[in-house]
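Colleague: Please read through the structure below; I'll follow up with questions.
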Amino acid sequence: MGTRKHGRLVAGLLVVPLVLAACSGGTDKGATDGGATAGATQGGTLKLWHYEGADSAMGIAWAEAIKVFEEETGATVEFEQKAFEQIQQTAGMVLSSDEGPDIMEYNKGNATAGLLSSQGLLTDLTDVAQERGWTDMLPESIQTTARYENGVMGSGPWYGVPNYGEFVTVYYNKDMFAEYGIEVPTTLAEMEAAMDTFVAAGIVPLGMAGAEYPAGQLFYELALSKADRDFVSAYQTYTDTVDFQADPLKYGAETFDAWVKAGYVAQDSASIKAEDMGVAFINGTTPMIVSGSWWYGRFVSEISGFDWGIFNFPGNTLNAGSSGNIWVVPENSANKELAYEFIDITMRPEIQALLGNNGGLPLAANPADVTDPKSQELITAFNEVLDNDGLAFYPDWPVPGYYDVLVAAFQSLINQSKTPQEVLTEIGTAYDDGVANMG
Amino acid sequence: MTTDIAVVDRMDPARPGPAGRVHAPHERLRRGPGRWIVLAAAVLLAVAMMVPFAIMLLNAFKSPTEYSTNGPLSLPTTVYTDGLVNFWNRVDYPGKLMNSIVISGSVAVLATFVSLFNAYALGIGRIKGRLWIVMLFLLANMLPQEALIYPLYYLAKQTGLYNTQLSVIIIFTVIQSAFGTYLLASVFSTFPPSILEAAALDGASKWQVLWRVVFPISRPTLSVLVIFFFIWTWNEFFIPLVMLIDNSTQTIPVAIASLQGDRLMDAPTLNAGSLISLLPAVVFFLIFQRTLTRGITAGAVK
Amino acid sequence: MATVTEPPAGATIVPAPRRARVRSGRRVYWLYLIPGAVLFLGVIVVPFFMNLYYSMTRWAGIGDPKWIGFDNYTRLFTDETFWLSFRNSVAMIVAMVIVPTLIGLLLAAVLFDYLGKRFDGRVASVLRATYYLPQILPVAVAGILWGWVLNPQTGALNVILRSLGLESWALNWLGDTSTALPTVMLVMIWVQVGYPVVIFMAALQRVDPELYEAAELDGAGWFRRFRAITLPQIKPETFVVALTCTIAALKVFGPIYVLTKGGPENSTNVPSYFAYQNFFPKSQVGYGAAIAMVLTVIVVIVSIVFIRVQAASERREGI
């Protein structure tokens, strides 16, 4: 009997909150309409979304920026930390409604910022960028991902403002290198020789994660060693047709295949996730990984057993990399002026230095302000790439859904179930279909 | 409650011992060693199935450095609670917990009642075309959620329900009640007609028959529905991800998703967060599973 | 139930008023369908037709859809990935319907009939809770945990196998196209088995214990009683479990998403995941909607078959 009453009581209790919740579940639109669009910079609220971890360089820098912003403008910031997955899947839907923010972090690239801008969901920031000098602060190659024309990056109006950068480099375990008498390679041949030494000692030299982005990025780095800026433009912004059966892509796939055969990459890494690859580096199992600057902060805080460093992919002028995620101002934003002010603050040297000193890659910091030695190492490497106009973006950007295609294709190479030619045909067809569909 | 039925409480945990059980004399002889072997096998299976949970426990209280250095399968040397505390504060766990409870609880109760009404009409009322109607309701379960998402988004925007918990509650009430209707209608089809006739002869209206006869008898099945609906809705991710934009309205699975970024993830905190999100659902199950073991009917025929 | 027969006396005593009561009674039952029907209309019927419309367009999810008629469907029928995904659905049905139902039935019977009687009812309840626990675990977390168990280099399974000296058994579970699908199937069994156990244990309580006693007195052993009494009595639940698990198997998405993302090399792709890939990463909503439509039609056909069989068996029982 007790359970029956118990059940009814619980049921009853649950229905009451239902009614309450249903009535109060919606947003309070009053708050966001408070800051009128007529250029009010005194008071008001700014609804801000981003999805960087609170401990990450961006998280720390932007938290500081929020404080500065609130002090200077007197406005309050309604900050919500979002899940990346929610933004990635629902950004279009959210920005087409009234429930969106006034300013948010968003992914750069044609498939994301490009798509939204082509639908008119983002504010054109060209004039503001000129006024506030952002066009001068940011290097040319970084600006590529800030500007979109008909959804294609590289030219056209400004739709986003990058705050930081990212690129792909080679992390290496200094202690292991010393143990086997290996010097930091400066050419690809030297790198292959170094990997041979490891293989001979029974160690898999290069960590790999076939289930996620690292495989595609390694392929891209290899291809870029034989590519030039024109190729990157053709591949990423469709300025020309791309021949998948010719170099540099052919070279990339064949070398990747050769590396698998030589044992540089573990043959059972097709199902390994990036997280596991990173963990293997942190615990000293893997001597090298080819991956991005986003690991840097975590490596700094979690690696304790050995000395480690980075070197840029030997012999490459071009490297995978781009600006970091960009600030966008939704067209439906009710507080655009406040949003511009906030973006400006994040571009200030102090905030950028904060970003730099915590493992991030600032774009407008004073070199003198970045004092942390490990951070300096990263920033110097990045600047080297920037100075060579070496940012080549990422291999999965050109076509929506290309990421899955690349993952599947390179799993075939890791599993040695397809030849490089077959893989190239596979990804080539998907690329051509995707580009055709975009018209 | 003249038609209230009381029977042999077959597995009432509150009353162990021979008093609650019917034993034929020769059955006692069968309480041999064989039962221990079967028990051991069943327990072994349970232990094997719990291995992933053990791993989750290991990692929930591990510091990120230890996790990266020693791997996910190692024992933590110290109990690290910072990850859990950070997560708790960062996502406002109590708020999310309340949201999840409100949504899952509402759906569990509402969907069960909707199922009861539907099944009453279909299984006991035996209205014409009931098979096709059951099929139609089941359509709610057959449509993949991806197919529903864009239309529901537009409808929610039109009706002003976008970004409210009510939209999620309504959607899941429909989806879950499809299953409930099907299960209950199937069970009700085998409902002993003599009981219904007895009640009808006693002058009971359809409404009274529902609450005085059908409802008490179908308690175990209704409990199953409440439990399932609560747990299924508790773990729902996709539709709340799309419908609930403000952090204040979000449920726990969406909050946990914030621990997985574009390229990096926070594994120990993810495990800790999952552990504390699992607990309410498990507690709910343990409380309500006692209702599953209440005795039932059939003796009613007498 | 088999011993209940309609008392002839009742039918002959007051025939006319009875028939009248039955006719008007039937109509009242329709009223009970109203709340469910209204909700259903808004949440399912309208979106279903909207999805049908989208499947005939080319659309990126925002902006205006462009009408293209049946082009998406013709493209679908020549799409290799599409057919592959349905082949994998069959594997999912084995892993999510056939095996869990059989195992679930066995476990429920063992827990309820055997252990419940010979030990405390609490023992059975605890065991049931542990078997059901995988159903409560969120899929995303399950994916990560199983990833850690199945990691070919450092995962628990291979570590244990290697320590037992079974190096050759330490396979690349989720990375090798020949083992990926079976591995996913095993994980699905782990996830699914608790569901039939709970339903069947509740169902077993519906069975009149007197039927069992009568059979025992007649000298019937456990298995004969199981086959002759238990199975027929819990037929409704058996059908429900089978059908709902089949629908779930055809629609499965979450575990594929977290374990393999359809890989390696698309070997574990399933229709729902394929639809998702088109809806979201590829932003080809029209194509995704077409896939979802075809999937729905197949699910509907399968369900119709099931329900017909179920109804026919009910009619045979004379209920």
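Colleague: Would you list which lysines come within 18 Å of C:Lys66, measuring only between C-alpha atoms, while excluding same-chain residues fewer than 8 positions from it?
Modeller: C:Lys282
Colleague: Right, another one. Apply the Karplus parameterisation 6.51 cos²θ - 1.76 cosθ + 1.60, with θ equal to phi minus 60°, to every residue of region A:173-185 and state each ³J(HN,Hα) to the nearest whole Hz, in sequence, with x for glycine and proline.
Modeller: Coupling constants for region A:173-185: 8, 4, 4, 5, 4, 5, 4, 9, x, 9, 8, 5, x Hz.
Colleague: Starting at the first residue of region A:407-414, write each ³J(HN,Hα) from the Karplus equation 6.51 cos²θ - 1.76 cosθ + 1.60 with θ = phi - 60°, in whole Hz, x for Gly and Pro.
Modeller: Once rounded to whole Hz, the list reads 4, 4, 4, 6, 4, 4, 6, 5.
Colleague: On to the next question. On average, how many beta carbons from a partner chain sit within 10 Å of the beta carbon of a residue in B:44-56?
Modeller: Shielding by partners across B:44-56 averages 5.
Colleague: Tell me the relative contact order for region C:81-317 as a rounded percent, counting alpha carbon contacts under 8 Å between residues six or more apart.
Modeller: 28 percent
Colleague: Reachable lysines from A:Lys174, Cα under 19 Å, same-chain residues fewer than 8 places away excluded?
Modeller: A:Lys174 reaches A:Lys374.
Colleague: Given R₀ = 41 Å, what would the calculated FRET efficiency be for A:Leu188 paired with C:Phe70, taking r from the Cβ atoms and rounding to 0.05?
Modeller: With a Förster radius of 41 Å, E is 0.20.
Colleague: Where in region B:60-80 is the amide nitrogen less than 13 Å from a point lying 7 Å along the Cα-to-Cβ axis of A:Lys374?
Modeller: Label zone hits: B:65.
Colleague: What's the tally of Lys pairs in chain B whose alpha-carbon atoms lie under 30 angstrom apart, where the two lysines are 8 or more places apart or on different chains?
Modeller: Close lysine pairs under the 30 Å cut-off: 4.
Colleague: To the nearest whole number, what is the average tally of beta carbon atoms from other chains within 10 Å of the beta carbons of peptide C:113-122?
Modeller: Average neighbour count from other chains, rounded to a whole number: 6.
Colleague: Is the shape of region C:81-317 rounded, prolate or oblate, going by the alpha carbon gyration tensor and its root eigenvalues a ≥ b ≥ c, with a/c under 1.5 for rounded and a/b larger than b/c for prolate?
Modeller: oblate
Colleague: Determine the order of C:Thr230, B:Thr77 by accessible area, beginning with the largest, at a probe radius of 1.4 Å.
Modeller: Ranked from most to least accessible, the order is B:Thr77, C:Thr230.
Colleague: Return the single residue from C:Tyr212, C:Tyr29, C:Tyr287 with maximal mean-square fluctuation; model: Gaussian network over chain C, springs between Cα atoms under 10 Å.
Modeller: Highest fluctuation among the options: C:Tyr29.
Colleague: Which one, A:Glu275, A:Glu70, A:Glu105, has the greatest fluctuation when you compute a Gaussian network model over chain A with C-alpha springs under 10 angstrom?
Modeller: A:Glu275
Colleague: Right, something else. Describe numerically, in nm with one decimal, the distance between label points set 7 Å from Cα along Cα→Cβ at A:Asp240 and at A:Glu72.
Modeller: Placing both labels 7 Å beyond Cα along the Cβ direction yields 4.4 nm.
Colleague: A further question follows. What is the dipole size for region C:81-317, taken about its Cα centre, with +1 at each Lys and Arg Cβ and -1 at each Asp and Glu Cβ, in debye to the nearest 20?
Modeller: 320 debye
Colleague: Please find the FRET efficiency linking C:Phe77 to A:Asp55, where r is the Cβ-Cβ separation and R0 is fixed at 56 Å, and quote it to the nearest 0.05.
Modeller: For R0 = 56 Å, the calculated efficiency reads 0.65.
Colleague: Contour minus end-to-end for C:Leu31 and C:Arg58, with contour as 0.36 nm per residue of separation and end-to-end as the Cα-Cα distance?
Modeller: 5.6 nm
Colleague: Can I ask one more? Please get the size of the charge dipole for chain B, origin at its Cα centre, with Cβ charges of +1 on Lys and Arg and -1 on Asp and Glu, quoted in debye to the nearest 20.
Modeller: 1140 debye
Colleague: Under 8 Å for C-alpha pairs, at least 6 residues apart: give me the relative contact order for chain B, rounded to a whole percent.
Modeller: Relative contact order here is 34 percent.
Colleague: Next up: Using only the alpha-carbon atoms, how far is helix A:84-95 inclined from the longest principal axis of chain A? Give it as 0 to 90 degrees, nearest 10.
Modeller: Taking Cα atoms only, the helix is inclined about 50 degrees.
Colleague: Could I ask something else about it? For A:Leu122, what residues show an amide H to amide H distance below 5 Å, using hydrogens built from the backbone and excluding near sequence neighbours?
Modeller: Amide H neighbours of A:Leu122, under 5 Å, 5+ apart: A:Glu331.
Colleague: Nearest 10 degrees is fine. How inclined is helix A:373-387 to the longest principal axis of chain A, computing both from alpha carbons?
Modeller: Between helix and principal axis, roughly 80 degrees.
Colleague: A further question follows. Label B:Val283 and A:Tyr180 with points 7 Å out from Cα along Cα→Cβ: what is the distance between them in nm?
Modeller: 5.2 nm
Colleague: Is there a quick way to get the dipole size of the protein assembly as shown? I mean about its Cα centre, with the Cβ of Lys and Arg at +1 and of Asp and Glu at -1; what is the value in debye to the nearest 20?
Modeller: Here the size comes out at about 8140 debye.
Colleague: Let me ask something additional. Extending each Cα 7 Å along its Cβ direction at C:Val45 and A:Val300, get the distance between those two points in nm, one decimal.
Modeller: With each label point 7 Å from Cα toward Cβ, the separation is 6.1 nm.
Colleague: Here is a further query. Using Cα-Cα distances under 8 Å and only pairs 6 or more residues apart, what relative contact order does chain A have, in percent?
Modeller: Across chain A, relative contact order equals 24 percent.
Colleague: Follow-up question, since we're still on this one. Just tell me how shielded A:277-287 is by partners: mean number of partner chain Cβ atoms within 10 Å of each residue's Cβ, no decimals.
Modeller: Across A:277-287, the average partner-chain Cβ count within 10 Å equals 3.
Colleague: Pop out the ³J(HN,Hα) list for region A:338-345 in order, Karplus 6.51 cos²θ - 1.76 cosθ + 1.60 with θ = phi - 60°, rounded to Hz; leave Gly and Pro as x.
Modeller: Listing the rounded values in order: 4, 4, 4, 4, 5, 4, 4, 4 Hz.
Colleague: Another question, then. Summing +1 for each Lys or Arg and -1 for each Asp or Glu, what net charge is found among the other residues whose Cβ lies under 13 Å from the Cβ of A:Asp389?
Modeller: Net of charged neighbours comes to -4.
Colleague: Nearest 10 degrees, 0 to 90: what angle lies between the long axis of helix A:249-261 and the longest principal axis of chain A (Cα atoms)?
Modeller: Between the helix axis and the principal axis of chain A, the angle is about 70 degrees.
Colleague: Taking only Cα atoms and a 10 Å spring cutoff, compute GNM fluctuations for chain B and point out the largest among B:Met243, B:Met142, B:Met49.
Modeller: Looking only at B:Met243, B:Met142, B:Met49, the biggest GNM fluctuation is shown by B:Met49.
Colleague: Once you have a ≥ b ≥ c as the square roots of the Cα gyration tensor eigenvalues for chain B, tell me rounded if a/c is under 1.5, and otherwise prolate or oblate according to whether a/b is larger than b/c.
Modeller: oblate
Colleague: Which of the helices in chain B meet the span-like rule: DSSP H, Cα axial reach of 15 Å or more, Kyte-Doolittle mean at least 0.0?
Modeller: Answer set is B:34-60, B:93-119, B:130-142, B:165-189, B:219-234, B:267-292.
Colleague: Then there is this: Given H placed on each backbone N at 1.01 Å, which residues far from A:Val77 in sequence or on other chains put an amide H within less than 5 Å of it?
Modeller: For A:Val77, the qualifying residues are A:Leu46.
Colleague: Next up: Go ahead and estimate [θ] at 222 nm for chain A from helices alone: -39,500 (n - 2.57) per DSSP H run with n ≥ 4, summed, over the residue count, rounded to 500.
Modeller: Dividing the helical sum by the residues of chain A leaves -14500 deg cm²/dmol.
The values are calculated or read from the model by the stated rules, or taken from the named source; none is laboratory data. Being a predicted model, the structure only gives us computed values, none of them experimental. Neighbour counts run over all protein chains shown; Cβ positions are idealised from the backbone, glycine included. These accessible areas exclude ligands, DNA and RNA; they are computed on the full protein's heavy atoms, side chains included. Shrake-Rupley method; radii C 1.70, N 1.55, O 1.52, S 1.80 Å.
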